[in-house]
Amino acid sequence: MEYNYREIEKKWQKSWKDSQIYKVSNHSSKPKCYVLDMFPYPSGAGLHVGHPLGYIASDIYARYKRLNGYNVLHPMGYDSFGLPAEQYALETGQHPAETTQKNITTFRQQLDNIGFSYDWSREVRTSDPQYYKWTQWIFLQIFNSWYDHSNNKARPVADLIEIFEQTGNTAENGQRKTERKFSADEWNLFSHKEKQDILMEYRLAYAAYGEVNWCEALGTVLANDEVINGISERGGHLVVKKKMRQWYMRITDYAERLLEGLEKVAFSDAMKDMQRNWIGRSEGAEIEFKIEEPAEHTALQKDGLKIQVYTTRPDTIFGVDFMVLAPEHSLVTNIVTSGQQSAIVEYISYVKSRSDRERLAEVKQITGCFTGAYALNPFNNKKIPIWISEYVLAGYGTGAIMAVPCGDQRDFLFAKHFNIPITNIIGHYYNGEEANPTKEAALTNSDFLNGVPMKDAIGIVLKQIEEMGIGCRKVNYKMRDAGFSRQRYWGEPFPIVYQDGIAHPVNESDLPVELPHVEHYRPGPDGQGPLANIDEWVKAQSGWQRETNTMPGYAGSSWYFLRYMDPDNDTEFSDRKATNYWNQVDVYVGGTEHAVGHLLYSRMWTKVLFDLGYIGFDEPFKRLVNQGMITAKSYFFALESDYTEQIISHNKIENLNTAFRRFKNGHSYVDSNGKLTKNSFIKYLGDMGLDENDFNIKWIKEGEEDFIFLKEESEKMSKSKFNVESPDDVITKYGADTFRMYEMFLGPVEQSKPWDTKGIEGVHRFLKKLWRLFFDDTKGELWNDEKATPAELKILHNAIKKIGEDT
RNA sequence: GCCCGGAUGGCGGAAUUGGUAGACGCAGCAGACUCAAAAUCUGCCGUUCGCAAGGAUGUGCAGGUUCGAUUCCUGUUCCGGGCACCA
């Protein structure tokens, strides 16, 4: 009798299914344990060996907890809205719902093969109307809320209206600061439209104008991913920044609590670091600089123009040698002198083609343009030239900085490049070669601050500017509000209709707002999504218009862990008793790539739902485990002699590199020494549908030593790299248990590691050995019902103790 | 460019708190069993000098702290992930 994994696994998987052994109840006297995997996007490429790594780890943990007497919630589902399905639809005309269903079937079959202990009766799909009904419902709760900074929580907009009616927004009642101030009387006299516009500035889900990557030729908005150096990936057309009306999540209102919450959860320090850096809290000041108006402008502006800058270093105010505005800054057109007009216009059009990342990344190439205007230092009235440059972003701080070249390296390089004189305010700490951001220096060239240590000067300057009424302390966050609308088809429609330009929530009883059928998936007019093409849907009622944007991928994934608790509820997103019982996710397993996306958004949504009293906890995940990525190794081989000259014509080298990439570890074309012979190489090219003659190959010598190993790379598995490894083959050949054990044996779960099938035989042999402990070819069953000896029990209990300590 | 990780034999990795580097497995080599092969079992297995005993050297690279560093510090190179509309 030998280890027949096929039969064993088939038998037990059937038994689990028939007896629904992993179905879990919301009612149990046992303690609960919630073990969750990040649900997958069901891509057309199917499951690759990287997906199950985390699933296997969490499955082992879930089984362990079950055996330890816990009532374990261990569900699985699909993040099934997304761009790839829509792209595919655009190319083939197949409905995303169909391809998604097909992909899910494949995924499910692959998952079943591995033998997980999921409770499939709780499966969720974000693209299912019964699911996104509640995504829309939660969106409306967020839309109907504002953030009360006095009580540090979200509250219904109705409360805010009451406050406005009684005190206006001049009294500090915890509202965020806005430019517009009004009294109760003024509020009451505002038109309905004015009131709604004002409320939009407070809502936690709000519409505003923001910049997007606009491609005129394709008539659509593009993801950063789809733009390469200002050119669209598809078609190679020009892409520019364009302002469009967008929906946003006001996640910045939660910045402080998202930071504080990190203290309460067991995430890795690296993960916490990433989130902290992303939120990017900085303490500083906003300072107002007057602008010395050019003679040509004085007739137009009586009151004088001012620039608000944000700085973390008010102590360096006497070292300000120039100002830099973001090119998009609204003041630019007001202050530019006629002499600089054309240069500024030209520069702005250049910046429009640049992404934020490009703008910040290329420090070697310094660009900018003088506006011709000057600001005045509030302390000594020194004239400070005002420039614009791409390294200042409109979205951060006030979109304007005071540049201190002796203390900031980017400012320094800018000053050097444009020959702006540099004031040294840090004495010998500045060497003229590079900036020094020290806080240790005693100030020089700083008027009344001369000799004062910089650390003390910060407080002194802050006090001064507050007394002079030209500035105040300000905490800033690098994080921006999260864009929440997409000009796409395959996402949740917004439950919003417009009447006379005012956004209204759809009645709860009319949810879900279902995705209508479309004839094609091409963009609508003026860069709107495909939904804008369906007039009868947009204007379902006279005088009303539907929102034609859809929600982004992270909408559905921001709350799915709550739906698993009560997946079939059609009167609530999840029953309060169920969320109270299951509470936080005890262990959440997934990749680090979600650090600043999904993991922040879902934390925010949880906090909103908590604030509004719908759930009883405000952090979704108690403990997070980040599994490492399984990369695929690619090997590059070449002839021992000079490969670029001898075997490959230069125009084919790219193509051949792609071919070489597919020589992976354990590949039968490569012998055990990693050597590749002429014959095996030709056979390989043949199998690839390529011909030797395509590559202008000259064989230098024949035999075993023809090729040498050139280089090796590990990269993310992806269809386009020819390096996706499917678990199916492994399971067919060795069985699910070998596969599961092998993935665990590759190395620590948290670590990234290359996929490599060399070791799999060893693991399989181990399982066979284990089998033989119980069955023997000749003797049959080796086990019996005799009591274990004390020595045997000791070994058993040591093992149990060790496992208990390691989890 | 910025933020976060990582680098240890032919390969994946271990070394839990600064204390014998290389556990365990894979691959390889040798042997046992067999007519033979597979399977299984046993032994060897970082590099280098040496018949051996034994010595030297060795955790990406360059320094430093320490009686002692894979581990701590400084610098540096390379690789992976993220950088806001991929999910």
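The values are calculated or read from the model by the stated rules, or taken from the named source; none is laboratory data. Bear in mind the structure is a predicted one, so any value in this text is a computation, not a measurement. Quick reminder, even Gly has a Cβ in these numbers, built from the backbone with ideal geometry, and neighbours come from all protein chains shown. We work out accessible area using only protein heavy atoms, side chains counted, and drop any ligands, DNA or RNA first. Shrake-Rupley method; radii C 1.70, N 1.55, O 1.52, S 1.80 Å.
Worth pointing out:
- Residues (in contact with a helix residue (DSSP H, G or I) (Cβ under 8 Å, 6 or more places away or on another chain) and part of a helix (DSSP H, G or I)) located in segment A:9-50: A:Glu9, A:Gln13
- When the criteria are applied in full, A:Arg473 meets the requirement of being of a type outside the set (Gly, Ala, Ser) and either surrounded by fewer than 19 Cβ atoms within 10 Å (Cβ to Cβ) or free of Cβ contacts under 8 Å to residues at least 40 places away in the same chain (or both).
- Of all residues making up segment A:150-172, the number that are open to solvent by less than 70 Å² (accessible area, probe 1.4 Å) and more than 18 Å from A:Glu256 (Cβ to Cβ): 12
- Of all residues making up segment A:542-551, the number that are open to solvent by 30 Å² or more (accessible area, probe 1.4 Å) and in contact (Cβ under 8 Å) with a residue 24 or more places away in the chain: 4
- Just one of (1) open to solvent by less than 100 Å² (accessible area, probe 1.4 Å); (2) at pLDDT 80 or above; (3) under 30 Å from the mean Cα position of the chain (by Cα) fails for A:Asp737. It is (3).
- Any chance A:Asn436 is modelled with pLDDT of 90 or more and either closer than 30 Å to A:Gly524 by Cα or open to solvent by 30 Å² or more (accessible area, probe 1.4 Å) (or both): no
- Single residue of segment A:276-288 satisfying the filter (open to solvent by less than 30 Å² (accessible area, probe 1.4 Å) and more than 9 Å from RNA strand B (Cβ to nearest atom)) that is farthest from A:Gly628 (Cα to Cα): A:Ile287
- Looking across segment A:209-255, just one residue is aromatic (Phe, Trp, Tyr), open to solvent by 20 Å² or more (accessible area, probe 1.4 Å) and more than 10 Å from RNA strand B (Cβ to nearest atom), and that is A:Tyr209.
- Where a residue in segment A:412-441 is under 12 Å from A:Asp321 (Cα atoms) and its partner, wherever it lies, is polar (S, T, N, Q), with Cβ under 7 Å and at least six apart: A:Phe414/A:Ser389; A:Thr423/A:Asn445; A:Asn424/A:Thr444; A:Asn424/A:Asn445; A:Ile425/A:Thr316; A:Ile425/A:Thr444; A:Ile425/A:Asn445; A:Ile425/A:Ser446
- Restricting the first member to segment A:1-16 and to residues that are open to solvent by 100 Å² or more (accessible area, probe 1.4 Å), and the second to residues that are of a type in the set (Gly, Ala, Ser) and modelled with pLDDT of 90 or more, the beta-carbon pairs closer than 9 Å and six or more apart or on different chains are A:Trp12/A:Gly115.
- Failed item in (1) in contact (Cβ under 8 Å) with a residue 40 or more places away in the chain; (2) more than 25 Å from the chain's Cα centre (by Cα), with A:Phe494 passing the rest: (2)
- Residue within segment A:308-317 that is in contact with a Phe, Trp or Tyr (Cβ under 7 Å, 6 or more places away or on another chain) and modelled with pLDDT of 90 or more present: yes
- Boolean, A:Gly451 is loosely packed, with under 13 Cβ neighbours inside 10 Å, in contact with a strand residue (DSSP E or B) (Cβ under 7 Å, 6 or more places away or on another chain) and among the small types (Gly, Ala, Ser): yes
- Members of segment A:106-115 found to be at negative phi and open to solvent by less than 20 Å² (accessible area, probe 1.4 Å), listed by number: A:Phe107, A:Gln110, A:Leu111, A:Ile114
- Residues of segment A:124-149 that turn out to be open to solvent by 50 Å² or more (accessible area, probe 1.4 Å) and not in a helix (DSSP H, G or I), as a count: 4
- For segment A:427-434, the criterion of being farther than 23 Å from A:Val452 by Cα and either touching a strand residue (DSSP E or B) at 6+ places or on another chain (Cβ under 9 Å) or away from RNA strand B (no atom under 16 Å from the Cβ) (or both) is met by no residue.
- A:Val596 vs. criteria within 23 Å of the chain's Cα centre (by Cα), in a strand (DSSP E or B) and within 16 Å of RNA strand B (Cβ to nearest atom): no
- Considering each residue of segment A:316-324 in turn, none proves to be among the polar types (S, T, N, Q) and under 35 Å from the mean Cα position of the chain (by Cα).
- Filtered residues of segment A:71-105 (kept if away from RNA strand B (no atom under 14 Å from the Cβ), more than 20 Å from A:Pro567 (Cβ to Cβ) and surrounded by 16 or more Cβ atoms within 10 Å (Cβ to Cβ)): A:His95
- Scan of segment A:335-347 for residues that are among the hydroxyl-bearing types (Ser, Thr, Tyr) and either open to solvent by 80 Å² or more (accessible area, probe 1.4 Å) or in a helix (DSSP H, G or I) (or both), ordered by number: A:Ser338, A:Ser342, A:Tyr347
- Within segment A:315-334, the presence of at least one residue that is surrounded by fewer than 18 Cβ atoms within 10 Å (Cβ to Cβ), touching a residue at least 12 places away in the same chain (Cβ under 8 Å) and not in a strand (DSSP E or B) is confirmed.
- Those residues of segment A:607-635 which are modelled with pLDDT under 90 and either open to solvent by less than 10 Å² (accessible area, probe 1.4 Å) or in a helix (DSSP H, G or I) (or both), in sequence order: A:Gly628, A:Ile630, A:Ala632, A:Ser634
- Condition met for A:Glu492 (closer than 28 Å to A:His598 by Cα and either away from RNA strand B (no atom under 11 Å from the Cβ) or at pLDDT 95 or above (or both)): yes
- Taking residues in segment A:734-749 that are more than 16 Å from A:Trp771 (Cβ to Cβ), and partners anywhere that are part of a loop (DSSP other than H, G, I, E, B) and modelled with pLDDT of 85 or more, the pairs with Cβ atoms closer than 7 Å and at least 6 places apart or on different chains are A:Val749/A:Gln627.
- At least 2 residues being in contact with a helix residue (DSSP H, G or I) (Cβ under 8 Å, 6 or more places away or on another chain) and crowded, with 20+ Cβ neighbours inside 10 Å is the threshold, and among the helices (runs of 4 or more DSSP H) wholly inside segment A:552-591 those reaching it are A:554-557, A:560-563.
- A:Leu443, sole failed condition from (1) within 30 Å of A:Glu390 (Cβ to Cβ); (2) buried (at least 18 other Cβ atoms within 10 Å of the Cβ); (3) of a type outside the set (Phe, Trp, Tyr): (1)
- Residues of segment A:448-472 that turn out to be closer than 11 Å to A:Thr316 by Cα and of a type in the set (Lys, Arg), as a count: 1
- In the condition set (1) over 29 Å from the mean Cα position of the chain (by Cα); (2) farther than 30 Å from A:Tyr588 by Cβ; (3) modelled with pLDDT of 90 or more, A:Leu531 is compliant with all but (1).
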